[in-house]
Amino acid sequence: MASVIKRINEYNAGIPTILHELKWKALHESSFRFFRGTCHLFAQDFVKQYKFKPKVKSWNCGDMHFENFGSYKGENRLVYFDLNDFDESVLAGPEPDICRFLTSFIIAAGQMKVAAIGLHKALHDIMAAYVNTLVNRKALMLEHEVAHGVFKKYFDHLNSFDREDFIAKHTTKHKGILKLKEDNVHLMHLDDSLKTRIYEGLSHLLHIPRFEHLVFEDAAFRIAGTGSLGMQRYAVLCYSKKKGKRYLIDVKEARVSCFRDVIDIKQPRFKNEADRVNQVGNIMQFCSPAYSSTTRIDNKWYVVKEMQLLDDKMAVSGLDHDFSSLSAVSKEMAVLIAWSQIRSSGHLGASTADDLIKFAEKKQWQKDIIELSGDLAKRNNKYYREFTKAE
């Protein structure tokens, strides 16, 4: 197999210089951040190491890791915490998502210097939470009212946010006109001609009821994520004439899933890659984010959704190296993964819930995935060392 440096360079070929620098800086940050930004390495290695031949088909978000869960508001303006990134979504077996999640857990635990016996028990507890939830066959949602421990503190923290403060944080007034704040950390400057093309690309959405009262006021390049660094992504400041409020809309380029060419399963036919991302998100999430749609700008397809003041992730760094909190939160996340697979069962080529549950109850694949997760975590850390030494 080609060197990891060559594989990373080939996958990221064509990234503009400034975005290349931002992504490489992010990949250097830690082995966990490196893992987040190199899902293509995981996809290739998972299929090769596992000799992947799915017994059942289920939808996967494709990039399932500890920090790809987050909060957002739905069209009903209620707050949800769920899977929130479907760029790499793919129809496969149920194994890729749970394996990538367990691998991310092992890498995060490694940064906390956890003893092997504690890690082993936690992995089996997470797998049990996932399987037991599948067997229960009910796809529910994580609610603030019944949240406890770290999640209760998380929801309490979310409720302290204020929309006006959020908009003010990302905007500034110039000659009395509200503009996006181009700080080169979250937002970067766009020339007026590109802004115009973005507004034109979004204009067809104004015929849809949930968009029809919006006025586009400003746009900027958005810097966010790790794996998606390098893709075109914009933040658009909008004013709702109906509600008298401002919103930020996230417009993110959609590309082919890194799993598509390594998994030998016929995928459903979607209109385009943005349609795939939105449709799969719609069947896997309990509720889709507000302003979810797709658009085309400069011959590229984009996923559109509201950029939330509550689009807050449960970050590893926020756990203060507390392994018990990491384990507790991860078990809850394993439940969310199971719910998403139950919810999407029977849709767009996925097997039925009965077939998914029958497979999930078998013990051998559970042991194999736990073992493989450990191997892939070691491989990721090796790649990370090679990458940082070569730069």
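The values are calculated or read from the model by the stated rules, or taken from the named source; none is laboratory data. Not measured: the values here are computed from a predicted model. Note: ideal-geometry Cβ built from the backbone for every residue, glycine included; neighbour counts use all protein chains shown.
Data table
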item: Breaking point among (1) within 21 Å of Phe42 (Cβ to Cβ); (2) touching a helix residue (DSSP H, G or I) at 6+ places or on another chain (Cβ under 9 Å); (3) surrounded by 19 or more Cβ atoms within 10 Å (Cβ to Cβ), for Gln267; result: (3)
item: Odd one out for Leu134 among (1) over 23 Å from the mean Cα position of the chain (by Cα); (2) under 22 Å from Asp368 (Cα atoms); (3) modelled with pLDDT of 90 or more; (4) not basic (Lys, Arg); result: (1)
item: Tally, over region 341-391, of residues that are touching a Cys at 6+ places or on another chain (Cβ under 8 Å) and not hydrophobic (A, V, I, L, M, F, W, C); result: 1
item: Filtered residues of region 222-271 (kept if in contact with an Asp or Glu (Cβ under 7 Å, 6 or more places away or on another chain), under 27 Å from Leu22 (Cα atoms) and among the aromatic types (Phe, Trp, Tyr)); result: Tyr247, Phe259
item: Conditions (1) of a type in the set (Gly, Ala, Ser); (2) surrounded by fewer than 13 Cβ atoms within 10 Å (Cβ to Cβ); (3) not in a helix (DSSP H, G or I); number of the one not met by Ser203; result: (3)
item: Restricting region 8-34 to residues that are in contact with a Lys or Arg (Cβ under 9 Å, 6 or more places away or on another chain) and assigned to a helix (DSSP H, G or I), the residue that is farthest from Leu229 (Cα to Cα); result: Ser31
item: Qualifying residue in region 252-270 (condition: of a type outside the set (Phe, Trp, Tyr), under 23 Å from Glu217 (Cβ atoms) and free of Cβ contacts under 8 Å to residues at least 24 places away in the same chain); result: no
item: Answer residue from region 189-235, given it is over 17 Å from the mean Cα position of the chain (by Cα) and small (Gly, Ala, Ser) and is farthest from Tyr291 (Cα to Cα) among those; result: Ser193
item: Residue in region 212-235 that is under 28 Å from Pro96 (Cβ atoms), charged (D, E, K, R) and either part of a loop (DSSP other than H, G, I, E, B) or touching a residue at least 24 places away in the same chain (Cβ under 8 Å) (or both) present; result: yes
item: Any hit, region 311-331, residues being of a type in the set (Gly, Ala, Ser), out of contact with any Leu (no Cβ under 6 Å at 6 or more places or on another chain) and under 30 Å from Lys266 (Cβ atoms); result: no
item: Filter result for Ser340 (crowded, with 16+ Cβ neighbours inside 10 Å, farther than 25 Å from Asp275 by Cα and either within 24 Å of the chain's Cα centre (by Cα) or at pLDDT 95 or above (or both)); result: no
item: Residue within region 303-324 that is buried (at least 16 other Cβ atoms within 10 Å of the Cβ), in contact with a helix residue (DSSP H, G or I) (Cβ under 8 Å, 6 or more places away or on another chain) and in a strand (DSSP E or B) present; result: yes
item: Residue match in region 70-81 (condition: under 23 Å from Val316 (Cα atoms), outside any helix (DSSP H, G or I), β-branched (Val, Ile, Thr) and touching a strand residue (DSSP E or B) at 6+ places or on another chain (Cβ under 7 Å)); result: yes
item: Filter result for the condition that a residue is within 23 Å of Cys287 (Cα to Cα), in contact (Cβ under 8 Å) with a residue 60 or more places away in the chain and either over 21 Å from the mean Cα position of the chain (by Cα) or surrounded by 12 or more Cβ atoms within 10 Å (Cβ to Cβ) (or both), over Ala139, Ala147; result: Ala139
item: Candidates Ile167, Ile126, Ile117, filtered to the one that is in a helix (DSSP H, G or I), modelled with pLDDT of 90 or more and under 21 Å from the mean Cα position of the chain (by Cα); result: Ile126
item: Selection count where residues are more than 16 Å from Asp63 (Cβ to Cβ), part of a loop (DSSP other than H, G, I, E, B) and modelled with pLDDT of 95 or more, scope region 245-285; result: 6
